[in-house]
Every structure is written in structure tokens, then in C-alpha cells.
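Inspection log for the structure reproduced underneath, given as C-alpha cells.
The values are calculated or read from the model by the stated rules, or taken from the named source; none is laboratory data. Quantities reported herein were computed from a predicted structural model and do not represent experimental measurements. Quick reminder, even Gly has a Cβ in these numbers, built from the backbone with ideal geometry, and neighbours come from all protein chains shown. We work out accessible area using only protein heavy atoms, side chains counted, and drop any ligands, DNA or RNA first. Shrake-Rupley method; radii C 1.70, N 1.55, O 1.52, S 1.80 Å.
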Amino acid sequence: MTVRPMNIDPDKCLIGGAWIAPTGGQTLPLTNPSDGSRLCQIARGQGADIDAAVAAAEAALNGPWGQATAAERGRILAKIGRAVQDHADELARLEAMDVGKPLKQARADVMALARYMEFYGGAADKVHGATIPYLDGYTVYTLREPHGVTGHIIPWNYPMQIIGRSVGAALAMGNACVLKPAEEACLTALAFARIAQQAGLPDGALNVVPGLGAEAGAALASHTGVHHISFTGSVGVGKLIQQQAGANVVPVTLELGGKSPQVVFDDADIDAALPFLVNAGIQNAGQTCSASSRILVQRGVYDQVVAAMADRYGALRAGPALEDHDLGPLVSARQKEIVSAFLAQGAGLHCVAQGQVTAEAPQTGAYVQPTLFADVPPDHVLAQDEIFGPVQVLIPFDDEAEAIRIANSTPFGLVASCWSANGARQMRMARALRAGQVFLNNYGAGGGVELPFGGSGLSGHGREKGFEALYGFSTVKTVAAFHG
Ligand code: ADP
């Protein structure tokens, strides 16, 4: 099946408000991972297309978009949010086909995108500078200004949510954006930009150039006309992007995934914890930066948690995205190879349960069985590396000190949770866990739009979401006036 959905031209770039064929005239195939079929061809943007997109963004800053007041920007974003909701069904189907995400999860992503627009629309005119007491005869104040042209390089796992959090915040602060979606999934990025344009976003304020990472992505990250780069993706590419942007002394925000632990103590409400323990591992087939792939359980309740999670795993079903099972396929055959190689490394481990791929799921789809391992040594590769698939490991511990040691024993630090009825322990754990977000008696993969999100160590640096993102997508100018 080929798609030409929602008034978009998937084999073109959207630059300055117009559909433009990539200068090299080349396209790339886009695959439906539920059955391996060809969805359509997408543009293979190159350096010249990035040049054109950066020029269009610069022109927007010098035009009506650059002159819009904060309140006007906010109103446009709010309108975009409503327009996204009006197109919820089409966007969800598009994402389900492109990413392989079960329809219900794709729909939740649409709602998150709309909510980001609502949040950042409301926040656009609420970011203030300060007045600063200084020497006699001076008035000093600060201005919050946009960086200018912002580059957004995003992955395939949550295109709509990541567009919402980065492009939404950047536009709220008055930047003009160049977006390079992933080559595996870029249809909702194009559809969103079209919706935004129709909702009143001036031409050039948001430009989309699909293409390969090493071509369009590298051209954007190293462009001298770009003033800020936000990147979500793998650690290896994050390091490259930081180097490329660093050559031009351009600031970067990096969100590079994790190996996020949930720590369950003997006094926890196990029934309340169980859905969070499992869902945080299998949501989006585990292809989530903030997936909880390590479950640390105190020995007093360890057997109980292992048995209850094994029950849930046994009931899990993976199947075509549009059929809306617990899990869809992985995004691609390549991702299936990567996850299968990790599963092979678990051969000597205690595999306590696996879910099933439905009998009707096409053999040509990129399906893997969700898999739960128990008694995994904390230094095992499956307990240390980000797998990006539906695989969770259970690790027992004796006391709080050991839990903290194990939880903090990976090079990542994105999200963590603590399940315990003991308030003092919750406070100690919240401080001790190395993570940008800590959840106490709950777990939110990435959390709501209001909650600052980002990591430390190999999880990256900088914060997106909430008001923190507005500070990240702007800079401070200090004005010192001497008036005597
Ligand atoms: P994953 O391994 O999850 O596919 P990547 O980090 O490879 O994630 O990709 C995330 C985004 O980074 C995608 O849009 C991809 O095209 C882009 N990308 C990949 N390689 C590069 C690169 N060398 N320079 C800039 N962007 C890149």
C-alpha cells in the first residue's frame, strides 16, 4: 500500500511553507513494520535542502513571525493544538502505520502533542525577565530572547510527542525551527507542519527536511546558520551532534535514553505497583527512552513480584498496530535484529515469562516476544545496556544501600522510581537516585508535559518539557542603563 495522506507530499520537504522536491531528486522507501510492506517514498534531503530550510527560517524571523508578540505566538500555538485534536484519528492511524505503534498508544501521542501546544501556547507570554538591583544611578533588567534558528533532530519512537516538547517550546519563545525527522518515521512530522501552517503559523517558522542522519541530520547539526540544536536519539549519534554543533559553538540539548530502574521495597503496595512495573517496560514495545527496563525488588516480596509480573507477561500479545494489541511490532527489521541479538545474550539467564506474537501477525512484520528475565546479575549486559525493545530484568536486593548502589550502577541517569510506604525512605531515595526525574509510588515514562525531563551521564544534558524548556530555547540579555 502507498499512502499520500492528509494533504502531505511525503517525497518532498516542507520549506518556507511550500512542498519542495529534494535538490538531489532522491527518495527513500518508508516501510510499514506491521507487515513489511512499502508505505511510500520519502524525500532524501541533503545539505542544500537544509541550507534552504535554514534560510527560510531566518526569513521568517525577519518577517511576520519575528514580529509576532508573545501573546500572538501563544494564540497560534493554541490554535495548532485544537487543529491537532481535530485531526486526531488521521494522525493516530498515520503514526500507527509508520512506527508500528498500537492505535491506542498512537492516539495518546496525538493528545500529548495537542497538550504541548496548549501548554506552550499558554506559557508563551508568561516568561519574564528580571530587574536587578545594581549601582546607584543604574537600572538593570534582563530580556529573554529566542536563540534564532533552532534545529530539531528527532527519532522515530515518539515523533509527535518529541515534536510537541521541542518545536512547541522553541516556537513559544519565538524561534524559527528546522526539523529533521527520522528516516524510519516522518509522516506525522510532515502532517503536523502542514496542520500548523493551516492553523496560522507563518511560512518558514517550521520547516521539515526528511532524510538520512548522516546527510540531512549532519548538515543541520553542523550548520553555521543554526543557533541551537535539540537532539533525541542514540548515545553514539548524540556524541557526534555535540561535536558537530560544538565546532560552531552552538548549544545543544541531548536526550539519549537510559536504563531506568524501578525500586520496589518490602512495604510497597504491590498491587498498585504492578501495572506500572510492566507497562513502563512494554509501552511502545519498549522503544521508549524512559522505559523502565530494570526492576529492583527487595527480597521479602521478590518471589511475589516475579510471579505476578510473569503472569502479566504470559498474557501479553503483540500484533499489527491497527489491531491495537498490547504491543505492535518494533519499528523496523533492523531494530528486530538488534533486540534479538540482546535476547540471545540472555540465553544463560532465568527467563521467567514471554508474551506471544498473535498467530495472525504477518511473518514479514518486525515482531519480537516481550520477555522477562529474573535473578539477573546487575553487571550483566541486559542489566546495563539500553535494549530498546520489550525486555525487562528483575534484580533482587537486601537493603536500601544495596538498592541505591545497583540503581546507580549504569552510565545512564534519566528516570527512576521508588515504591515504598515509608515517607522518609521515599525522600532519601529521591535524593540518592541518579535520574532527571524520580517518581515516588508511580512511574511516568517521561512524565507529563509540565514536568521537566532530561538526564545526566550518557542520558544527556539539558531539560525539555515544562517551563525549563522555555529557558533552554531562549537566552538572557542583560541591559544596564545609566541614568544618573
Ligand atoms: P536510533 O538508533 O534510535 O535510530 P539515531 O540516534 O540513529 O537513533 O537517530 C535519531 C535521529 O538522529 C534520526 O533523525 C537520525 O536520522 C539522526 N541521525 C543519525 N545519524 C546522524 C548523524 N551522524 N548526524 C545527525 N543526525 C543523525
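Cβ-Cβ contacts under 7 Å between residues 6 or more apart (or on different chains), taken from a first residue in the stretch 44-66 that is assigned by TED's automatic domain parsing to the domain that holds Leu212 to a second residue that is among the polar types (S, T, N, Q), are listed as Arg44/Gln26; Arg44/Thr27; Gln46/Thr23; Ala48/Thr23; Asp49/Thr23; Ala53/Asn207; Ala56/Asn207; Ala57/Asn207.
Table: residues versus (1) open to solvent by 40 Å² or more (accessible area, probe 1.4 Å); (2) under 30 Å from Leu143 (Cβ atoms); (3) without any contact (Cβ under 8 Å) to a residue 24 or more places away in the chain.
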{"site": "Pro390", "(1), (2), (3)": "no, no, no"}
{"site": "Asn408", "(1), (2), (3)": "yes, no, no"}
{"site": "Ala424", "(1), (2), (3)": "yes, no, yes"}
{"site": "Arg434", "(1), (2), (3)": "yes, no, no"}
{"site": "Lys465", "(1), (2), (3)": "no, yes, no"}
{"site": "Ala469", "(1), (2), (3)": "no, yes, no"}
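I'd like to check something: does the stretch 149-168 contain any residue that is open to solvent by 10 Å² or more (accessible area, probe 1.4 Å), over 22 Å from Ser332 (Cα atoms) and either in contact with a Cys (Cβ under 6 Å, 6 or more places away or on another chain) or more than 16 Å from the ligand (Cβ to nearest atom) (or both)? Looking for residues that are open to solvent by 10 Å² or more (accessible area, probe 1.4 Å), over 22 Å from Ser332 (Cα atoms) and either in contact with a Cys (Cβ under 6 Å, 6 or more places away or on another chain) or more than 16 Å from the ligand (Cβ to nearest atom) (or both), one finds none in the stretch 149-168, hence no.
Among the criteria (1) surrounded by fewer than 22 Cβ atoms within 10 Å (Cβ to Cβ); (2) touching a helix residue (DSSP H, G or I) at 6+ places or on another chain (Cβ under 7 Å); (3) more than 27 Å from Pro22 (Cα to Cα), the one Glu72 does not fulfil is (2).
Do we have Gly174 as within 12 Å of the ligand (Cβ to nearest atom) and either closer than 17 Å to Ser230 by Cβ or of a type in the set (A, V, I, L, M, F, W, C) (or both) here? Let's see the steps before the verdict.
Working: within 12 Å of the ligand (Cβ to nearest atom): no; either closer than 17 Å to Ser230 by Cβ or of a type in the set (A, V, I, L, M, F, W, C) (or both): yes.
For Gly174, the condition - within 12 Å of the ligand (Cβ to nearest atom) and either closer than 17 Å to Ser230 by Cβ or of a type in the set (A, V, I, L, M, F, W, C) (or both) - is not met.
Scanning the stretch 93-133 for residues that are of a type in the set (D, E, K, R) and in a helix (DSSP H, G or I) returns Arg93, Glu95, Asp98, Lys104, Arg107, Asp109, Arg115, Glu118. Applying a threshold of 6 Å to beta carbon distances and a minimum spacing of six or more residues, or different chains, the list of pairs starting in the stretch 206-219 at a residue that is in the same structural domain as Ile20 (by TED's automatic domain parsing) and acidic (Asp, Glu) and ending at one that is open to solvent by 10 Å² or more (accessible area, probe 1.4 Å) and more than 8 Å from the ligand (Cβ to nearest atom) reads Glu215/Gln46. Here is the figure for the stretch 436-478: residues that are farther than 15 Å from Val415 by Cα and either among the aromatic types (Phe, Trp, Tyr) or touching a Ser or Thr at 6+ places or on another chain (Cβ under 7 Å) (or both) total 7. Here Pro33 fulfils each of the conditions (1) surrounded by fewer than 24 Cβ atoms within 10 Å (Cβ to Cβ); (2) over 25 Å from Gly204 (Cβ atoms) apart from (1). Do we find that Gly472 is at pLDDT 95 or above, touching a Lys or Arg at 6+ places or on another chain (Cβ under 7 Å), of a type outside the set (Phe, Trp, Tyr) and not assigned by TED's automatic domain parsing to the domain that holds Ser293 in this structure? So Gly472 fits the description; yes. Would you check if there is a residue in the stretch 343-357 being buried (at least 18 other Cβ atoms within 10 Å of the Cβ) and within 16 Å of the ligand (Cβ to nearest atom)? Checking the stretch 343-357: not a single residue is buried (at least 18 other Cβ atoms within 10 Å of the Cβ) and within 16 Å of the ligand (Cβ to nearest atom). For Glu215, indicate whether it is near the ligand (Cβ under 8 Å from one of its atoms) and either touching a Gly at 6+ places or on another chain (Cβ under 9 Å) or not hydrophobic (A, V, I, L, M, F, W, C) (or both). So Glu215 fails the test. Scanning the stretch 322-365 for residues that are in a loop (DSSP other than H, G, I, E, B) and within 21 Å of the chain's Cα centre (by Cα) turns up Asp326, Gly328, Pro329, Leu330, Val331, Ser332.
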